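A.B. asks: The structure under discussion is supplied below as structure tokens; questions concerning it will follow.
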Ligand code: PHE
């Protein structure tokens, strides 16, 4: 088929086609196939040469010969495509069959719980062991539960301490009744409204503050609220429960310290710190680190939910989860928890 001269007969075209198809049968690779295509169907290929030679014919013979060449060319193109598919199919089958089963496997990445989730679980475990029940509540909250029912009426200066993110929706008085909860304390009210004492609950969850971020502040973080209301509950119960929690979480030798603090919904109010050095058996000065706010539930709060304050007393506390996770894991920047950097998160 190397000859360049062409003879103008349909018979000759048939012969070319049948030779081409025989050659095509024996092509095995895409490269061979491409050579074949160039030879027959390329810009300077045999089909083009045949087409050019039409003009040499007497005009009466041209149409018929033209048609013969066209259908030959179509046939070759169709067969080319078939062959190409065939080669591709066998190639991919070969690749599939050539998997080397002795190669080491592709490692599967194991996920792990986020360090904050782990800390929340540890803290909840410590309290459920003491008979507390775990519940959750809404993050979009009403001013009514986040402030008013917690003895923080409108315009109370304590509101300034909670840099609040308000939901942009006004009521008929032109006021915004909804917010992103600034603490988990609203769940104290929601629970007491629906339940008579005894109450023993733990509320883990996210809270939000409109704050600039730095190594110790995030605009969202996690708290764990605690509430116990029953007959005869005293400040000694508060101290005993929180001390037990600290020992469960930080070890038997940990030292705790209570100091006065102010929250409108407790009286008296306190903060609890742990001595970080006592935990690691270091000598020298104590290293007091505050981990929670607490206090005896204010009688105004108990009355507001309809509890009989002659019969019942209670204590409440709010634990900062990130602070504890940072202490336990030696992390010095709160923002690391929420950067979603897998190199950080993969360490837990
Ligand atoms: N809700 C308080 C805060 O976010 C913490 C707290 C809870 C204090 C319960 C006392 C009792 O700061």
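A.B. asks: Relative contact order of the chain, please, whole-number percent, based on alpha carbon pairs below 8 angstrom and at least 6 residues apart.
C.D. replies: Working: 503 pairs, mean separation 48.9, N = 348.
Taking the mean separation of contacting Cα pairs over the length of the chain, I get 14 percent.
A.B. asks: Mind putting together the pair-distance distribution for the chain? All Cα pairs, 10 Å bins, whole percent per bin, short to long.
C.D. replies: 5, 18, 19, 11, 5, 4, 6, 8, 10, 8, 5, 1, 0
A.B. asks: Only counting other Cβ atoms within 10 Å, I'd like 231, 83 sorted with the fewest neighbours first.
C.D. replies: 231, 83
A.B. asks: Going 7 Å from the Cα of residue 311 in the Cα-to-Cβ direction, what parts of region 227-243 have a backbone nitrogen less than 19 Å from that spot?
C.D. replies: Backbone N within reach: 228-234.
A.B. asks: Go ahead and collect, in residue order, the members of region 104-134 whose backbone nitrogen is under 18 Å from a label point 7 Å along the Cα-Cβ direction of residue 339.
C.D. replies: Counting backbone N atoms under 18 Å from the label point, the list is 114-116.
A.B. asks: Based only on other Cβ atoms within 10 Å, what is the fewest-to-most ordering of 343, 209, 52? Write down the numbers at each step before the final one.
C.D. replies: Values: 343 7, 209 18, 52 10.
If I rank by nearby Cβ atoms, fewest first, I get 343, 52, 209.
A.B. asks: Now for a different question. Rank the residues 309, 182 as a footprinting-exposure proxy: fewest other Cβ atoms within 10 Å of their Cβ go first. Could the numbers behind the result be given before it?
C.D. replies: Values: 309 13, 182 21.
Fewest-to-most Cβ neighbours within 10 Å comes out as 309, 182.
A.B. asks: Here's something else I'd like to know. Per residue, how big is the convex hull around the C-alpha atoms of region 158-261? Give it to me in cubic angstrom, could you? Kindly include the intermediate steps, with their values, before the conclusion.
C.D. replies: Details: hull volume 17.1 nm³, N = 104.
Residue-normalised Cα hull volume stands at 164 Å³.
A.B. asks: Measure off 7 Å from each Cα along the Cα-to-Cβ vector at residue 257 and residue 134, then give the distance between these two points in nanometres to one decimal.
C.D. replies: Output for this residue pair reads 3.2 nm.
A.B. asks: Can I ask one more? Roughly what angle does helix 235-250 make with the longest principal axis of the chain, taking Cα atoms, 0 to 90 degrees, to the nearest 10?
C.D. replies: Once rounded, the angle reads 40 degrees.
A.B. asks: If Rh is defined by the Kirkwood formula over all Cα pairs and Rg also comes from Cα, what ratio Rg/Rh do you get for region 6-98? Can you show the working numbers first?
C.D. replies: On the way: Rg = 15.8 Å, Rh = 14.4 Å.
So for region 6-98, dividing Rg by the Kirkwood Rh gives 1.10.
Quick note: the coordinates plus some simple rules give every number you see, no bench work behind them. Just so it is clear, the model here is predicted, and its values are computed rather than measured. Counting neighbours? That spans all protein chains shown, and the Cβs are built from the backbone with ideal geometry, glycine included.
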